[in-house]
1. Of the numbered conditions (1) modelled with pLDDT under 95; (2) of a type in the set (D, E, K, R); (3) not in a helix (DSSP H, G or I), E35 satisfies every one except a single condition; which is it?
2. Quick test of your reading of the structure: T107 fulfils all but one of (1) surrounded by fewer than 13 Cβ atoms within 10 Å (Cβ to Cβ); (2) at pLDDT below 95. Name the failing condition by number.
3. Would the stretch 37-48 turn up any residue that is charged (D, E, K, R), surrounded by 13 or more Cβ atoms within 10 Å (Cβ to Cβ) and closer than 19 Å to Q19 by Cβ?
4. Residues to consider are D53, D90; find the one that is acidic (D, E), part of a helix (DSSP H, G or I) and within 12 Å of the chain's Cα centre (by Cα).
5. Does at least one position in the stretch 66-75 carry a residue that is aromatic (F, W, Y), in a helix (DSSP H, G or I) and closer than 30 Å to K32 by Cα?
6. Answer yes or no: is there a residue in the stretch 61-69 that is surrounded by fewer than 13 Cβ atoms within 10 Å (Cβ to Cβ), closer than 27 Å to P102 by Cα and modelled with pLDDT of 90 or more.
Amino acid sequence: MSNIEHNLELQPGLTKPRQVAELAHKILVKFKEMELPDHLDDELGVLCTDLADFWSASKDLESKLQILLNQEHKWDSIGEILVDLRIIVDHLERHVKSVKRPINTITSFSYYQSEKK
């Protein structure tokens, strides 16, 4: 194996993180185009990150459920899948707690803006 092949083998998959970052950026751009004020940037950053991670985790959850339902398993592999599912659920739980405040803040701003017009 050449050094180049070895280095490529050791690199993590970057496609999914790039997709998550791109989605978070698209959400950010959407709100900035709607002229969300700068003083809400912290909330917007959390909202963008959490929503993009929800999307990513939902893909992971779907994949693990497909494996669980569509392949034959022994109990040890079922245990491994359940551990993977627990990791996804724990990750989602963190984002559920985190996203509530930004959603409420930006929702209030949104309704305030719509009433002004």
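1. The number of the failed condition is (1).
2. Of everything listed in (1) surrounded by fewer than 13 Cβ atoms within 10 Å (Cβ to Cβ); (2) at pLDDT below 95, T107 misses just condition (2).
3. For the stretch 37-48, residues charged (D, E, K, R), surrounded by 13 or more Cβ atoms within 10 Å (Cβ to Cβ) and closer than 19 Å to Q19 by Cβ: absent.
4. Just one listed residue meets the conditions, D53.
5. So far as the stretch 66-75 goes, no, none of its residues is aromatic (F, W, Y), in a helix (DSSP H, G or I) and closer than 30 Å to K32 by Cα.
6. Yes; the residues of the stretch 61-69 include at least one that is surrounded by fewer than 13 Cβ atoms within 10 Å (Cβ to Cβ), closer than 27 Å to P102 by Cα and modelled with pLDDT of 90 or more.
The values are calculated or read from the model by the stated rules, or taken from the named source; none is laboratory data. Since the structure is predicted, the reported quantities are computational estimates derived from the model, not experimental observations. With ideal geometry, Cβ positions are generated from the backbone for all residues, glycine too; neighbour counts draw on all protein chains shown.
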